[in-house]
Amino acid sequence: MHCNLYIPDFFSAEGFSSDSLAAAETLIARGRRKRIALISPEAWLFERFGVPKQRDWPVAPYTLLADGGAPERHYWMRADPVHLRVSRDSLGMGDTFEVSRAESEALVETLNRHFGPTMLFYPVRPARWYVRLEKAPDMQTTPAAAARGLAIDEKLPSGPDAMRFHALMNEAQMLLHEHPVNAGREARGELALNSIWFWGAGVIDASKARPFSTVVGDDPLTRGLALAAGIPARELPKDAGSMLAGLGDEGVALVVLDAPRGEQPRERRTALERDWFEPFLAALRSGRIGMLTLHLAGENRLLQVETVRSDLRYFWRRRKALSAFS
């Protein structure tokens, strides 16, 4: 079994201070390292599955498939609810939030009543909305995750058709500003869902590439890509030991961990060491897996490390602090 482990935001801006992750350091020291430019997490996933970029990386039809929808060969775009806040002289996108299905459906009902059949919103998941378009707009967009916490001026759609979608965003903001759902959220101290964010448009690619025998992860894009390729997709278990117990001895597995959701950096790294690096190192030593490839992402770069069982004998490849590779 060859396991690929992708960890988003592993080399975060906070740095590693004096943290020591012995198993992670051992795997990185003994394996073959390669530094790779990282355009975006979405780009990395699409490239692994051999899906080409369209005007955007076509996130929407694949996450729709993972969400239980039927994208078929239609052109889909994400139109997610977001919170925009005034920050000095610009608008910034707020952090992630919880939203109920009832809230989501009430907001979408208002939008659909206003925009009519030319721009119908589908709240397939409370925080993941979709629109189906007759043709592809000539523009490029930015994933919502890449815009969070930042001023949105340079993250808005760009290209010949972008102004139309800027206008649609402005109309939606006026409809959502005083919506009863948002009045209730603000009264409870929650973020208002006061705008929508268009991104990730495209159609399902006809490619039948099957680069993995199993895909493990909860990320909807990961699961959608696996489903489109006919690859078994499993939910992310609590740790590598639990995952390996459910897999055979042969094949190539891709494991995609969740992006951080409010954890403190040190707590997250401790959990990664305990739940993933230590069990994978033990599995490599015992021969349960024959090869482990780590894909450790930073802001705009990725450290790829390939380690096989025989590499673990090379004791002269001494461990270094993780900060040396960040």
More than 16 Å from R128 (Cα to Cα), assigned by TED's automatic domain parsing to the domain that holds Y75 and not in a strand (DSSP E or B): which single residue out of G241, G189 fits that description? G189
Tell me, please, whether a residue that is assigned to a strand (DSSP E or B), touching a Leu at 6+ places or on another chain (Cβ under 9 Å) and among the charged types (D, E, K, R) can be found in region 46-68. no
What's the number of the only condition in (1) under 22 Å from the mean Cα position of the chain (by Cα); (2) surrounded by 16 or more Cβ atoms within 10 Å (Cβ to Cβ) that L168 fails to meet? (1)
Here the residues within region 17-45 that are in a helix (DSSP H, G or I) and either of a type in the set (D, E, K, R) or surrounded by fewer than 20 Cβ atoms within 10 Å (Cβ to Cβ) (or both) are A22, A23, E25, R30, E42, A43, W44
Any residue at all in region 216-223 that's crowded, with 17+ Cβ neighbours inside 10 Å, part of a helix (DSSP H, G or I) and either over 16 Å from the mean Cα position of the chain (by Cα) or polar (S, T, N, Q) (or both)? yes
Among the residues of region 149-174, which ones are closer than 17 Å to P137 by Cβ and not in a loop (DSSP other than H, G, I, E, B)? S158, A162, M163, R164, F165, H166, A167, L168, M169, N170, E171, A172
Looking at (1) aromatic (F, W, Y); (2) touching a strand residue (DSSP E or B) at 6+ places or on another chain (Cβ under 6 Å); (3) farther than 22 Å from A259 by Cβ, find the lone condition where W129 falls short. (3)
Search region 272-326 for residues being hydroxyl-bearing (S, T, Y) and assigned to a strand (DSSP E or B), and hand back the single one that is modelled with the lowest pLDDT. T307
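The values are calculated or read from the model by the stated rules, or taken from the named source; none is laboratory data. Keep in mind that this is a model prediction, so the values were computed, not measured. Here Cβ is always computed from backbone atoms with ideal geometry, including for glycine, and neighbour counts include all displayed protein chains.
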